[in-house]
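Enquirer: Pasting a structure below so you can have a look.
The values are calculated or read from the model by the stated rules, or taken from the named source; none is laboratory data. The shown structure was predicted, so the numbers you read here are calculated from the model rather than taken from an experiment. Cβ: placed from backbone, ideal geometry, glycine included. Neighbour counts: every protein chain shown. Heavy atoms of the whole protein, side chains included, go into the accessibility calculation; ligands, DNA and RNA do not. Shrake-Rupley method; radii C 1.70, N 1.55, O 1.52, S 1.80 Å.
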Amino acid sequence: MIDLFQYDFFVNAFIASILASIACGIIGSYVVVKRIVFISGGISHSAYGGIGLGYFLGINPLFGALIFSLSAAGIISFLRTRHNTNEDTIIGMLWAFGMSLGVLFISFTPGYAGDLMSYLFGNILTVPLQEIYIILAIDVIIILIVALFFNQFLAITFDEEYARTLGLKVDLLYFILFMLIALTVIVLIKLVGIILLIALLTIPAAIAKHYAVSLKQLMFYSVAASIIFTISGLFISYYLNLPTGSSIILLSILGYILSYLYITFKNKRYA
Amino acid sequence: MSFYVELNNVSVKYGDSLILEDINLRVAENEFLGIIGPNGGGKTTLLKVLSGLIKPKSGSVTIGGKKIETQKSLVGYVPQFTSFNNDFPINVLEVVKMGRLGKMGNENDDQILKCLETMQILNLRDEQIGNLSGGQKQRVLIARALVGGPKILLLDEPTASIDSKTGKSVYELLNKLNETTTIILVSHDIGAISRHVKKIGCLNKKLVYHDTKEITKEMLESTYQCPVDLIAHGIPHRVLEHHHQSI
(Lines give C-alpha, C1' and ligand atoms only; values in the text may rest on other atoms or scores of the structure.)
Protein backbone atom coordinates (compact mmCIF):
# COMPACT_ATOMS: atom_id res chain seq x y z
CA MET A 1 0.00 0.00 0.00
CA ILE A 2 2.88 2.33 0.87
CA ASP A 3 4.39 2.18 -2.59
CA LEU A 4 1.12 3.57 -4.01
CA PHE A 5 2.08 6.88 -2.47
CA GLN A 6 5.18 7.00 -4.67
CA TYR A 7 2.89 7.95 -7.54
CA ASP A 8 2.09 11.64 -7.76
CA PHE A 9 -1.35 10.98 -9.19
CA PHE A 10 -2.27 8.86 -6.19
CA VAL A 11 -0.97 11.37 -3.66
CA ASN A 12 -2.97 14.09 -5.44
CA ALA A 13 -6.08 11.94 -5.40
CA PHE A 14 -5.58 11.20 -1.70
CA ILE A 15 -5.19 14.87 -0.76
CA ALA A 16 -8.08 15.93 -3.02
CA SER A 17 -10.36 13.35 -1.39
CA ILE A 18 -9.65 14.67 2.08
CA LEU A 19 -9.98 18.32 1.08
CA ALA A 20 -13.21 17.69 -0.83
CA SER A 21 -14.63 15.80 2.16
CA ILE A 22 -14.21 18.90 4.33
CA ALA A 23 -16.37 21.05 2.02
CA CYS A 24 -18.77 18.20 1.40
CA GLY A 25 -19.30 17.37 5.10
CA ILE A 26 -19.87 20.95 6.21
CA ILE A 27 -22.21 22.04 3.41
CA GLY A 28 -23.86 18.60 3.15
CA SER A 29 -24.93 19.00 6.79
CA TYR A 30 -26.95 22.10 5.89
CA VAL A 31 -28.40 20.41 2.82
CA VAL A 32 -29.61 17.48 4.90
CA VAL A 33 -31.02 19.33 7.94
CA LYS A 34 -32.76 21.94 5.79
CA ARG A 35 -33.90 19.30 3.29
CA ILE A 36 -32.75 21.21 0.24
CA VAL A 37 -31.53 18.19 -1.68
CA PHE A 38 -33.58 19.09 -4.74
CA ILE A 39 -32.25 22.65 -4.78
CA SER A 40 -28.71 21.27 -4.51
CA GLY A 41 -29.48 18.88 -7.36
CA GLY A 42 -30.56 21.82 -9.50
CA ILE A 43 -27.41 23.76 -8.70
CA SER A 44 -25.14 20.79 -9.44
CA HIS A 45 -26.74 19.56 -12.66
CA SER A 46 -26.97 23.02 -14.19
CA ALA A 47 -23.16 23.06 -13.91
CA TYR A 48 -23.05 20.69 -16.88
CA GLY A 49 -23.93 23.62 -19.13
CA GLY A 50 -20.72 25.26 -17.97
CA ILE A 51 -18.70 22.11 -18.67
CA GLY A 52 -20.01 22.15 -22.26
CA LEU A 53 -19.30 25.86 -22.58
CA GLY A 54 -15.77 25.25 -21.34
CA TYR A 55 -15.16 22.64 -24.05
CA PHE A 56 -16.69 24.88 -26.69
CA LEU A 57 -14.56 27.90 -25.78
CA GLY A 58 -11.48 25.85 -25.05
CA ILE A 59 -11.18 27.00 -21.43
CA ASN A 60 -11.06 24.86 -18.28
CA PRO A 61 -14.53 23.24 -18.08
CA LEU A 62 -14.46 23.58 -14.27
CA PHE A 63 -14.37 27.34 -14.70
CA GLY A 64 -17.48 27.22 -16.87
CA ALA A 65 -19.13 24.91 -14.32
CA LEU A 66 -18.35 27.42 -11.55
CA ILE A 67 -20.10 30.22 -13.45
CA PHE A 68 -23.15 28.07 -14.19
CA SER A 69 -23.58 26.68 -10.68
CA LEU A 70 -23.13 30.10 -9.07
CA SER A 71 -25.71 31.56 -11.46
CA ALA A 72 -28.14 28.73 -10.74
CA ALA A 73 -27.66 29.32 -7.00
CA GLY A 74 -28.35 33.01 -7.52
CA ILE A 75 -31.50 32.35 -9.55
CA ILE A 76 -32.83 29.85 -7.00
CA SER A 77 -32.25 32.16 -4.04
CA PHE A 78 -34.03 34.92 -5.96
CA LEU A 79 -36.97 32.56 -6.64
CA ARG A 80 -37.24 31.85 -2.92
CA THR A 81 -37.71 35.52 -2.12
CA ARG A 82 -40.61 35.73 -4.59
CA HIS A 83 -42.52 32.98 -2.75
CA ASN A 84 -43.16 31.44 -6.12
CA THR A 85 -45.40 28.42 -5.73
CA ASN A 86 -43.79 26.86 -8.80
CA GLU A 87 -40.36 26.99 -7.22
CA ASP A 88 -39.57 23.31 -7.60
CA THR A 89 -40.87 23.17 -11.17
CA ILE A 90 -38.56 26.01 -12.09
CA ILE A 91 -35.63 24.35 -10.31
CA GLY A 92 -36.38 21.21 -12.36
CA MET A 93 -36.27 23.32 -15.51
CA LEU A 94 -32.99 24.90 -14.47
CA TRP A 95 -31.64 21.40 -13.88
CA ALA A 96 -32.60 20.21 -17.40
CA PHE A 97 -31.67 23.54 -19.00
CA GLY A 98 -28.08 23.23 -17.80
CA MET A 99 -27.79 19.62 -18.93
CA SER A 100 -29.29 20.32 -22.38
CA LEU A 101 -27.10 23.36 -22.91
CA GLY A 102 -24.06 21.27 -22.02
CA VAL A 103 -24.92 18.58 -24.55
CA LEU A 104 -25.58 21.26 -27.19
CA PHE A 105 -22.24 23.01 -26.64
CA ILE A 106 -20.37 19.72 -26.81
CA SER A 107 -22.09 18.80 -30.07
CA PHE A 108 -20.87 22.15 -31.49
CA THR A 109 -17.33 21.40 -30.40
CA PRO A 110 -15.22 19.82 -33.11
CA GLY A 111 -13.24 16.69 -32.27
CA TYR A 112 -13.67 14.17 -29.49
CA ALA A 113 -14.45 15.31 -25.97
CA GLY A 114 -12.35 12.63 -24.39
CA ASP A 115 -12.62 13.14 -20.65
CA LEU A 116 -16.25 14.22 -20.71
CA MET A 117 -17.18 11.10 -18.80
CA SER A 118 -14.89 12.18 -15.98
CA TYR A 119 -17.06 15.29 -15.42
CA LEU A 120 -20.23 13.24 -15.38
CA PHE A 121 -19.02 10.37 -13.20
CA GLY A 122 -15.78 11.71 -11.74
CA ASN A 123 -12.20 10.61 -12.01
CA ILE A 124 -10.26 11.57 -8.95
CA LEU A 125 -7.11 9.85 -10.24
CA THR A 126 -6.67 12.58 -12.88
CA VAL A 127 -6.86 15.59 -10.60
CA PRO A 128 -3.91 17.92 -11.30
CA LEU A 129 -2.05 19.82 -8.58
CA GLN A 130 -3.58 23.11 -9.73
CA GLU A 131 -7.09 21.85 -8.98
CA ILE A 132 -6.01 20.78 -5.50
CA TYR A 133 -5.17 24.42 -4.84
CA ILE A 134 -8.63 25.41 -6.07
CA ILE A 135 -10.25 22.87 -3.72
CA LEU A 136 -8.09 24.13 -0.85
CA ALA A 137 -9.12 27.73 -1.56
CA ILE A 138 -12.81 26.75 -1.62
CA ASP A 139 -12.38 24.89 1.69
CA VAL A 140 -10.90 28.00 3.28
CA ILE A 141 -13.76 30.17 1.98
CA ILE A 142 -16.38 27.72 3.26
CA ILE A 143 -14.79 27.33 6.70
CA LEU A 144 -14.39 31.09 7.14
CA ILE A 145 -17.95 31.96 6.11
CA VAL A 146 -19.52 29.12 8.11
CA ALA A 147 -17.49 30.08 11.21
CA LEU A 148 -18.53 33.70 10.80
CA PHE A 149 -22.25 33.05 10.29
CA PHE A 150 -22.63 29.79 12.20
CA ASN A 151 -25.39 31.00 14.55
CA GLN A 152 -27.21 32.80 11.75
CA PHE A 153 -27.14 29.75 9.48
CA LEU A 154 -28.32 27.63 12.43
CA ALA A 155 -31.27 29.96 12.98
CA ILE A 156 -32.40 30.09 9.34
CA THR A 157 -32.09 26.35 8.79
CA PHE A 158 -33.82 25.45 12.05
CA ASP A 159 -36.68 27.95 11.97
CA GLU A 160 -36.63 30.32 9.03
CA GLU A 161 -39.70 32.30 9.97
CA TYR A 162 -38.57 32.90 13.53
CA ALA A 163 -35.22 34.08 12.19
CA ARG A 164 -37.14 36.71 10.24
CA THR A 165 -38.88 37.97 13.38
CA LEU A 166 -35.42 38.41 14.93
CA GLY A 167 -34.65 40.81 12.08
CA LEU A 168 -32.03 38.53 10.49
CA LYS A 169 -31.35 39.06 6.79
CA VAL A 170 -32.71 35.62 5.95
CA ASP A 171 -32.77 36.03 2.15
CA LEU A 172 -29.19 37.27 2.05
CA LEU A 173 -28.05 34.42 4.30
CA TYR A 174 -29.73 31.87 2.02
CA PHE A 175 -28.08 33.50 -0.96
CA ILE A 176 -24.70 33.03 0.74
CA LEU A 177 -25.52 29.44 1.69
CA PHE A 178 -26.57 28.57 -1.89
CA MET A 179 -23.34 30.13 -3.18
CA LEU A 180 -21.43 27.83 -0.82
CA ILE A 181 -23.39 24.87 -2.19
CA ALA A 182 -22.36 25.95 -5.71
CA LEU A 183 -18.70 26.06 -4.63
CA THR A 184 -18.99 22.62 -3.03
CA VAL A 185 -20.40 21.29 -6.31
CA ILE A 186 -17.23 22.38 -8.08
CA VAL A 187 -15.10 20.62 -5.47
CA LEU A 188 -17.04 17.38 -5.88
CA ILE A 189 -17.22 17.27 -9.69
CA LYS A 190 -13.73 15.80 -10.11
CA LEU A 191 -14.27 13.39 -7.23
CA VAL A 192 -17.55 11.72 -8.19
CA GLY A 193 -18.92 13.72 -11.13
CA ILE A 194 -22.03 15.84 -11.65
CA ILE A 195 -24.46 12.94 -11.74
CA LEU A 196 -23.27 11.30 -8.53
CA LEU A 197 -22.21 14.24 -6.41
CA ILE A 198 -25.62 14.83 -4.87
CA ALA A 199 -25.22 11.44 -3.21
CA LEU A 200 -21.83 12.26 -1.72
CA LEU A 201 -23.15 15.64 -0.57
CA THR A 202 -26.01 14.07 1.37
CA ILE A 203 -25.15 10.50 2.40
CA PRO A 204 -22.33 11.26 4.88
CA ALA A 205 -24.52 13.89 6.57
CA ALA A 206 -27.49 11.54 6.56
CA ILE A 207 -25.38 8.91 8.33
CA ALA A 208 -23.92 11.47 10.75
CA LYS A 209 -27.47 12.53 11.60
CA HIS A 210 -28.02 9.10 13.18
CA TYR A 211 -25.48 10.01 15.87
CA ALA A 212 -25.00 13.79 16.07
CA VAL A 213 -26.68 15.86 18.78
CA SER A 214 -25.64 19.28 17.45
CA LEU A 215 -25.03 20.88 14.08
CA LYS A 216 -21.31 21.24 14.84
CA GLN A 217 -21.06 17.56 15.68
CA LEU A 218 -23.03 16.71 12.55
CA MET A 219 -20.44 18.55 10.47
CA PHE A 220 -17.48 16.80 12.08
CA TYR A 221 -19.07 13.37 11.73
CA SER A 222 -20.05 14.09 8.11
CA VAL A 223 -16.52 15.14 7.21
CA ALA A 224 -15.18 11.99 8.87
CA ALA A 225 -17.69 9.74 7.09
CA SER A 226 -16.95 11.42 3.78
CA ILE A 227 -13.19 10.93 4.26
CA ILE A 228 -13.69 7.25 5.09
CA PHE A 229 -15.84 6.64 1.99
CA THR A 230 -13.73 8.60 -0.47
CA ILE A 231 -10.41 7.14 0.69
CA SER A 232 -11.64 3.56 0.86
CA GLY A 233 -13.37 4.04 -2.49
CA LEU A 234 -10.08 5.27 -3.86
CA PHE A 235 -8.21 2.14 -2.74
CA ILE A 236 -10.95 -0.23 -3.85
CA SER A 237 -11.12 1.32 -7.29
CA TYR A 238 -7.33 1.16 -7.62
CA TYR A 239 -6.90 -2.45 -6.56
CA LEU A 240 -10.01 -3.84 -8.26
CA ASN A 241 -9.64 -1.53 -11.28
CA LEU A 242 -13.17 -0.07 -10.86
CA PRO A 243 -14.43 3.46 -11.62
CA THR A 244 -13.65 5.64 -8.56
CA GLY A 245 -16.82 7.74 -8.47
CA SER A 246 -19.15 4.75 -8.55
CA SER A 247 -17.06 2.89 -5.98
CA ILE A 248 -17.25 5.81 -3.56
CA ILE A 249 -21.00 6.23 -3.97
CA LEU A 250 -21.82 2.52 -3.68
CA LEU A 251 -19.66 2.32 -0.59
CA SER A 252 -21.50 5.32 0.92
CA ILE A 253 -24.89 3.79 0.24
CA LEU A 254 -23.76 0.54 1.83
CA GLY A 255 -22.53 2.57 4.82
CA TYR A 256 -25.89 4.29 5.10
CA ILE A 257 -27.81 1.01 5.04
CA LEU A 258 -25.57 -0.52 7.73
CA SER A 259 -25.86 2.57 9.92
CA TYR A 260 -29.62 2.66 9.46
CA LEU A 261 -29.94 -1.01 10.43
CA TYR A 262 -27.70 -0.47 13.45
CA ILE A 263 -29.74 2.52 14.68
CA THR A 264 -33.06 0.77 14.13
CA PHE A 265 -31.83 -2.32 15.95
CA LYS A 266 -30.41 -0.27 18.83
CA ASN A 267 -33.61 1.75 19.27
CA LYS A 268 -35.70 -1.38 19.28
CA ARG A 269 -33.58 -2.95 21.98
CA TYR A 270 -33.93 0.03 24.29
CA ALA A 271 -37.48 0.89 23.39
CA MET B 1 -41.99 55.00 27.04
CA SER B 2 -45.21 53.22 26.32
CA PHE B 3 -45.63 49.98 24.43
CA TYR B 4 -49.28 49.90 23.41
CA VAL B 5 -50.02 48.10 20.17
CA GLU B 6 -52.22 49.73 17.60
CA LEU B 7 -53.65 48.49 14.31
CA ASN B 8 -55.49 50.94 12.10
CA ASN B 9 -57.58 49.77 9.14
CA VAL B 10 -55.25 46.85 8.47
CA SER B 11 -56.06 44.62 5.48
CA VAL B 12 -54.03 41.67 4.21
CA LYS B 13 -54.35 39.91 0.88
CA TYR B 14 -52.78 36.67 -0.36
CA GLY B 15 -53.02 36.87 -4.10
CA ASP B 16 -56.65 37.70 -4.77
CA SER B 17 -58.14 36.52 -1.50
CA LEU B 18 -58.66 38.88 1.36
CA ILE B 19 -57.41 37.32 4.62
CA LEU B 20 -57.80 40.24 7.00
CA GLU B 21 -60.24 43.03 6.37
CA ASP B 22 -60.12 46.44 7.98
CA ILE B 23 -58.78 45.38 11.38
CA ASN B 24 -58.77 48.00 14.11
CA LEU B 25 -57.29 47.12 17.46
CA ARG B 26 -55.64 48.84 20.37
CA VAL B 27 -53.94 46.72 23.01
CA ALA B 28 -52.81 48.46 26.19
CA GLU B 29 -49.62 47.65 28.07
CA ASN B 30 -49.75 44.44 30.15
CA GLU B 31 -52.98 43.45 28.51
CA PHE B 32 -53.75 39.76 27.98
CA LEU B 33 -55.75 39.48 24.78
CA GLY B 34 -57.07 36.19 23.45
CA ILE B 35 -58.26 36.00 19.88
CA ILE B 36 -60.43 33.11 18.81
CA GLY B 37 -61.77 32.19 15.42
CA PRO B 38 -62.22 29.34 12.96
CA ASN B 39 -59.36 27.75 11.02
CA GLY B 40 -58.49 29.86 8.03
CA GLY B 41 -59.98 32.89 9.72
CA GLY B 42 -56.69 34.77 9.66
CA LYS B 43 -55.50 34.20 13.23
CA THR B 44 -51.95 33.26 12.32
CA THR B 45 -51.85 35.98 9.69
CA LEU B 46 -52.81 38.57 12.30
CA LEU B 47 -49.95 37.42 14.54
CA LYS B 48 -47.55 37.62 11.61
CA VAL B 49 -48.69 41.16 10.93
CA LEU B 50 -48.11 42.03 14.60
CA SER B 51 -44.60 40.53 14.50
CA GLY B 52 -43.68 42.34 11.31
CA LEU B 53 -43.44 39.14 9.26
CA ILE B 54 -46.21 40.21 6.90
CA LYS B 55 -46.59 43.71 5.58
CA PRO B 56 -50.28 44.58 5.32
CA LYS B 57 -51.74 45.69 1.99
CA SER B 58 -53.11 48.76 3.69
CA GLY B 59 -53.35 50.27 7.14
CA SER B 60 -50.77 50.81 9.84
CA VAL B 61 -49.28 48.71 12.63
CA THR B 62 -47.54 50.58 15.42
CA ILE B 63 -46.06 49.87 18.83
CA GLY B 64 -45.93 52.86 21.16
CA GLY B 65 -46.79 55.01 18.15
CA LYS B 66 -43.76 53.83 16.15
CA LYS B 67 -43.86 51.67 13.03
CA ILE B 68 -43.57 47.93 13.68
CA GLU B 69 -40.56 47.60 11.32
CA THR B 70 -38.44 49.62 13.76
CA GLN B 71 -39.86 47.93 16.86
CA LYS B 72 -39.32 44.25 16.00
CA SER B 73 -37.02 43.76 19.00
CA LEU B 74 -39.91 44.56 21.37
CA VAL B 75 -41.91 41.62 20.08
CA GLY B 76 -41.39 37.97 21.06
CA TYR B 77 -42.98 35.57 18.59
CA VAL B 78 -43.94 32.05 19.68
CA PRO B 79 -44.91 29.99 16.63
CA GLN B 80 -46.67 26.64 16.77
CA PHE B 81 -44.16 24.01 17.79
CA THR B 82 -44.79 22.17 14.55
CA SER B 83 -42.99 24.98 12.71
CA PHE B 84 -39.57 23.29 12.73
CA ASN B 85 -37.98 19.94 11.86
CA ASN B 86 -38.26 17.61 14.82
CA ASP B 87 -35.14 15.67 13.90
CA PHE B 88 -32.87 18.71 13.71
CA PRO B 89 -29.76 17.99 15.79
CA ILE B 90 -30.11 20.76 18.35
CA ASN B 91 -30.63 20.90 22.11
CA VAL B 92 -32.93 23.04 24.22
CA LEU B 93 -30.23 25.51 25.29
CA GLU B 94 -29.20 26.14 21.68
CA VAL B 95 -32.79 26.75 20.60
CA VAL B 96 -33.40 29.20 23.45
CA LYS B 97 -30.10 31.03 22.77
CA MET B 98 -31.36 31.69 19.25
CA GLY B 99 -33.72 34.26 20.76
CA ARG B 100 -30.78 36.54 21.53
CA LEU B 101 -29.36 36.53 17.98
CA GLY B 102 -28.96 40.03 16.67
CA LYS B 103 -29.64 41.53 20.08
CA MET B 104 -27.22 43.44 22.26
CA GLY B 105 -25.31 41.46 24.91
CA ASN B 106 -25.37 38.19 23.01
CA GLU B 107 -23.30 36.47 25.69
CA ASN B 108 -25.71 37.04 28.57
CA ASP B 109 -25.94 33.45 29.80
CA ASP B 110 -27.42 34.27 33.21
CA GLN B 111 -30.53 35.70 31.62
CA ILE B 112 -30.90 32.66 29.37
CA LEU B 113 -30.71 30.31 32.35
CA LYS B 114 -33.21 32.48 34.21
CA CYS B 115 -35.68 32.17 31.35
CA LEU B 116 -35.21 28.40 31.30
CA GLU B 117 -35.95 28.37 35.01
CA THR B 118 -39.05 30.56 34.62
CA MET B 119 -40.39 28.16 32.02
CA GLN B 120 -39.46 25.16 34.22
CA ILE B 121 -37.22 23.59 31.60
CA LEU B 122 -33.80 24.18 33.17
CA ASN B 123 -33.36 20.44 33.72
CA LEU B 124 -34.03 19.81 30.02
CA ARG B 125 -31.38 22.20 28.69
CA ASP B 126 -29.15 19.47 27.17
CA GLU B 127 -32.07 17.47 25.80
CA GLN B 128 -32.60 17.15 22.03
CA ILE B 129 -35.58 19.20 20.90
CA GLY B 130 -37.10 16.20 19.10
CA ASN B 131 -37.21 14.15 22.31
CA LEU B 132 -39.49 16.59 24.13
CA SER B 133 -43.22 16.35 24.62
CA GLY B 134 -45.53 18.92 23.05
CA GLY B 135 -45.92 20.88 26.27
CA GLN B 136 -42.15 20.96 26.81
CA LYS B 137 -41.54 22.15 23.25
CA GLN B 138 -44.08 24.90 23.78
CA ARG B 139 -42.19 26.06 26.88
CA VAL B 140 -38.92 26.03 24.95
CA LEU B 141 -40.41 28.27 22.27
CA ILE B 142 -41.80 30.64 24.89
CA ALA B 143 -38.39 30.74 26.62
CA ARG B 144 -36.75 31.48 23.26
CA ALA B 145 -39.06 34.46 22.81
CA LEU B 146 -38.45 35.61 26.41
CA VAL B 147 -34.64 35.76 26.26
CA GLY B 148 -34.93 38.66 23.82
CA GLY B 149 -36.61 40.65 26.61
CA PRO B 150 -39.83 41.38 24.72
CA LYS B 151 -42.48 43.85 25.86
CA ILE B 152 -45.10 42.07 23.80
CA LEU B 153 -45.45 38.29 23.53
CA LEU B 154 -47.34 36.79 20.59
CA LEU B 155 -48.44 33.17 20.77
CA ASP B 156 -49.91 31.00 18.03
CA GLU B 157 -52.15 28.21 19.38
CA PRO B 158 -50.01 27.62 22.47
CA THR B 159 -52.11 24.71 23.66
CA ALA B 160 -52.89 23.04 20.35
CA SER B 161 -52.08 19.31 20.40
CA ILE B 162 -51.07 19.19 24.05
CA ASP B 163 -53.25 17.69 26.76
CA SER B 164 -55.45 19.96 28.85
CA LYS B 165 -53.48 19.56 32.08
CA THR B 166 -50.24 20.64 30.38
CA GLY B 167 -52.20 23.36 28.63
CA LYS B 168 -53.37 24.70 31.96
CA SER B 169 -49.82 24.88 33.30
CA VAL B 170 -48.74 26.77 30.18
CA TYR B 171 -51.53 29.29 30.77
CA GLU B 172 -50.54 29.64 34.42
CA LEU B 173 -47.01 30.53 33.33
CA LEU B 174 -48.41 33.02 30.86
CA ASN B 175 -50.51 34.65 33.58
CA LYS B 176 -47.32 35.10 35.60
CA LEU B 177 -45.45 36.58 32.62
CA ASN B 178 -48.38 38.88 32.01
CA GLU B 179 -47.46 40.88 35.12
CA THR B 180 -44.68 42.52 33.10
CA THR B 181 -45.49 41.67 29.49
CA THR B 182 -48.34 42.31 27.10
CA ILE B 183 -49.62 39.00 25.75
CA ILE B 184 -51.62 38.43 22.60
CA LEU B 185 -52.51 34.86 21.75
CA VAL B 186 -54.67 33.21 19.15
CA SER B 187 -56.41 29.89 19.55
CA HIS B 188 -59.48 27.98 18.58
CA ASP B 189 -59.76 26.63 22.11
CA ILE B 190 -62.47 28.96 23.41
CA GLY B 191 -62.76 27.33 26.82
CA ALA B 192 -59.07 27.53 27.73
CA ILE B 193 -58.80 31.11 26.50
CA SER B 194 -61.79 32.44 28.37
CA ARG B 195 -60.48 31.17 31.69
CA HIS B 196 -57.12 32.91 31.51
CA VAL B 197 -57.17 36.04 29.38
CA LYS B 198 -58.32 39.56 30.28
CA LYS B 199 -59.86 40.49 26.93
CA ILE B 200 -61.31 38.47 24.08
CA GLY B 201 -61.73 39.15 20.40
CA CYS B 202 -63.27 37.04 17.64
CA LEU B 203 -61.60 36.90 14.25
CA ASN B 204 -62.87 35.64 10.93
CA LYS B 205 -61.41 37.98 8.33
CA LYS B 206 -62.96 40.79 10.39
CA LEU B 207 -62.26 41.34 14.05
CA VAL B 208 -65.07 41.65 16.56
CA TYR B 209 -63.64 43.19 19.68
CA HIS B 210 -65.49 45.01 22.42
CA ASP B 211 -62.69 45.63 24.89
CA THR B 212 -64.26 43.21 27.35
CA LYS B 213 -63.67 39.71 28.57
CA GLU B 214 -67.07 38.41 27.54
CA ILE B 215 -67.85 36.39 24.49
CA THR B 216 -71.43 36.84 23.45
CA LYS B 217 -73.43 34.47 21.32
CA GLU B 218 -73.68 37.27 18.76
CA MET B 219 -69.90 37.67 18.58
CA LEU B 220 -69.40 33.99 17.98
CA GLU B 221 -72.15 33.71 15.45
CA SER B 222 -70.91 36.64 13.42
CA THR B 223 -67.42 35.11 13.55
CA TYR B 224 -68.22 31.51 12.78
CA GLN B 225 -71.17 32.48 10.55
CA CYS B 226 -73.38 29.77 11.93
CA PRO B 227 -75.31 29.22 15.13
CA VAL B 228 -72.94 28.30 17.92
CA ASP B 229 -73.75 26.44 21.09
CA LEU B 230 -71.74 27.97 23.85
CA ILE B 231 -70.33 25.38 26.18
CA ALA B 232 -71.72 27.33 29.08
CA HIS B 233 -73.93 24.82 30.81
CA GLY B 234 -77.16 26.76 30.99
CA ILE B 235 -75.75 30.26 30.85
CA PRO B 236 -75.63 30.80 27.12
CA HIS B 237 -74.27 34.35 27.12
CA ARG B 238 -71.62 34.17 29.78
CA VAL B 239 -68.96 31.57 29.22
CA LEU B 240 -66.53 33.08 31.60
CA GLU B 241 -68.04 33.34 35.07
CA HIS B 242 -69.29 29.81 35.07
CA HIS B 243 -65.98 28.26 34.08
CA HIS B 244 -64.09 30.48 36.46
CA GLN B 245 -65.81 28.91 39.39
CA SER B 246 -65.23 25.41 38.15
CA ILE B 247 -61.41 25.66 38.33
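Enquirer: Determine the pairs where a residue that is more than 7 Å from every other protein chain (Cβ to nearest Cβ), located within segment B:77-105, has a partner that is of a type in the set (Asp, Glu) and surrounded by fewer than 24 Cβ atoms within 10 Å (Cβ to Cβ) with Cβ atoms under 8 Å apart, the partner being 6 or more residues away or on another chain.
Expert: B:VAL78/B:ASP156; B:GLN80/B:ASP156; B:GLN80/B:GLU157; B:VAL92/B:ASP126; B:VAL92/B:GLU127; B:LEU93/B:ASP126
Enquirer: Something else: Please list, ordered by first then second residue, the pairs with beta carbon atoms under 6 Å, 6 or more apart or interchain, first in segment B:22-39 and among the β-branched types (Val, Ile, Thr), second open to solvent by 50 Å² or more (accessible area, probe 1.4 Å).
Expert: Close Cβ pairs satisfying both conditions: none exist.
Enquirer: Since A:PRO204 meets every condition but one in (1) under 16 Å from the mean Cα position of the chain (by Cα); (2) open to solvent by 20 Å² or more (accessible area, probe 1.4 Å), which condition does it not meet?
Expert: (2)
Enquirer: Is there a residue being away from every other protein chain (no Cβ under 14 Å), open to solvent by less than 50 Å² (accessible area, probe 1.4 Å) and over 15 Å from the mean Cα position of the chain (by Cα) anywhere in segment A:190-199? Quick ask: steps written out before the conclusion?
Expert: Narrowing segment A:190-199 to residues away from every other protein chain (no Cβ under 14 Å): A:190-199.
Filter again for open to solvent by less than 50 Å² (accessible area, probe 1.4 Å), leaving A:190-194, A:196-199.
From what is left, the residues that are over 15 Å from the mean Cα position of the chain (by Cα) are none.
No: segment A:190-199 contains no residue that is away from every other protein chain (no Cβ under 14 Å), open to solvent by less than 50 Å² (accessible area, probe 1.4 Å) and over 15 Å from the mean Cα position of the chain (by Cα).
Enquirer: Test B:VAL170 against the stated conditions and say whether it is within 14 Å of chain A (Cβ to nearest Cβ), surrounded by 15 or more Cβ atoms within 10 Å (Cβ to Cβ) and of a type in the set (A, V, I, L, M, F, W, C). Can you show your working first?
Expert: Values: within 14 Å of chain A (Cβ to nearest Cβ): no; surrounded by 15 or more Cβ atoms within 10 Å (Cβ to Cβ): yes; of a type in the set (A, V, I, L, M, F, W, C): yes.
Considered against the rule, which asks whether it is within 14 Å of chain A (Cβ to nearest Cβ), surrounded by 15 or more Cβ atoms within 10 Å (Cβ to Cβ) and of a type in the set (A, V, I, L, M, F, W, C), B:VAL170 comes out as no.
Enquirer: Restricting the search to segment A:129-161, which residues are within 14 Å of chain B (Cβ to nearest Cβ) and assigned to a helix (DSSP H, G or I)?
Expert: As a first pass, look at segment A:129-161 and keep what is within 14 Å of chain B (Cβ to nearest Cβ): A:148-161.
If the condition is that a residue be within 14 Å of chain B (Cβ to nearest Cβ) and assigned to a helix (DSSP H, G or I), then A:LEU148, A:PHE150, A:ASN151, A:GLN152, A:PHE153, A:LEU154, A:ALA155, A:ILE156, A:THR157, A:PHE158, A:GLU160, A:GLU161 are the ones that fit.
Enquirer: With the checklist (1) crowded, with 22+ Cβ neighbours inside 10 Å; (2) closer than 28 Å to B:TYR4 by Cβ; (3) in contact with a Ser or Thr (Cβ under 6 Å, 6 or more places away or on another chain) in hand, flag the one item B:ILE35 doesn't pass.
Expert: All conditions pass for B:ILE35, except number (3).
Enquirer: For segment A:238-248, which positions are without any contact (Cβ under 8 Å) to a residue 12 or more places away in the chain and on the phi < 0 side of the Ramachandran plot?
Expert: A:TYR239, A:LEU240, A:LEU242
Enquirer: How many of the residues making up segment B:132-147 are surrounded by 23 or more Cβ atoms within 10 Å (Cβ to Cβ) and of a type in the set (S, T, N, Q)?
Expert: 1
Enquirer: Can I ask one more? Assuming A:GLY64 fulfils every condition listed in (1) within 24 Å of A:SER226 (Cβ to Cβ); (2) open to solvent by less than 10 Å² (accessible area, probe 1.4 Å) apart from one, which condition is it?
Expert: Failing condition for A:GLY64: (1).
Enquirer: Is there a residue being part of a helix (DSSP H, G or I), within 14 Å of another protein chain (Cβ to nearest Cβ) and within 27 Å of B:VAL92 (Cβ to Cβ) anywhere in segment A:223-236?
Expert: Within segment A:223-236 (the criterion being part of a helix (DSSP H, G or I), within 14 Å of another protein chain (Cβ to nearest Cβ) and within 27 Å of B:VAL92 (Cβ to Cβ)), the answer is no, since none of the residues qualifies.
Enquirer: Another question, then. Would you say A:THR184 is farther than 18 Å from A:VAL32 by Cβ, among the polar types (S, T, N, Q) and surrounded by 20 or more Cβ atoms within 10 Å (Cβ to Cβ)? Lay out the reasoning, then the answer.
Expert: Values: farther than 18 Å from A:VAL32 by Cβ: no; among the polar types (S, T, N, Q): yes; surrounded by 20 or more Cβ atoms within 10 Å (Cβ to Cβ): yes.
No, not satisfied.
Enquirer: Test each condition in (1) within 30 Å of A:VAL32 (Cα to Cα); (2) open to solvent by 20 Å² or more (accessible area, probe 1.4 Å) for B:PHE88 and report the one that comes out false.
Expert: (2)
Enquirer: Which one is most open to solvent (accessible area, probe 1.4 Å), of the residues in segment A:162-181 that are assigned to a helix (DSSP H, G or I) and within 14 Å of chain B (Cβ to nearest Cβ)?
Expert: Among those that are assigned to a helix (DSSP H, G or I) and within 14 Å of chain B (Cβ to nearest Cβ), it is A:LEU172.
Enquirer: Quick one: B:SER161 ticks every box in (1) more than 30 Å from B:LEU25 (Cα to Cα); (2) surrounded by fewer than 22 Cβ atoms within 10 Å (Cβ to Cβ); (3) touching a helix residue (DSSP H, G or I) at 6+ places or on another chain (Cβ under 7 Å); (4) more than 11 Å from chain A (Cβ to nearest Cβ) except a single one, so which number is it?
Expert: (1)
Enquirer: Which of the residues spanning segment B:114-153 are closer than 17 Å to B:LEU47 by Cβ and among the β-branched types (Val, Ile, Thr)?
Expert: B:ILE142, B:ILE152
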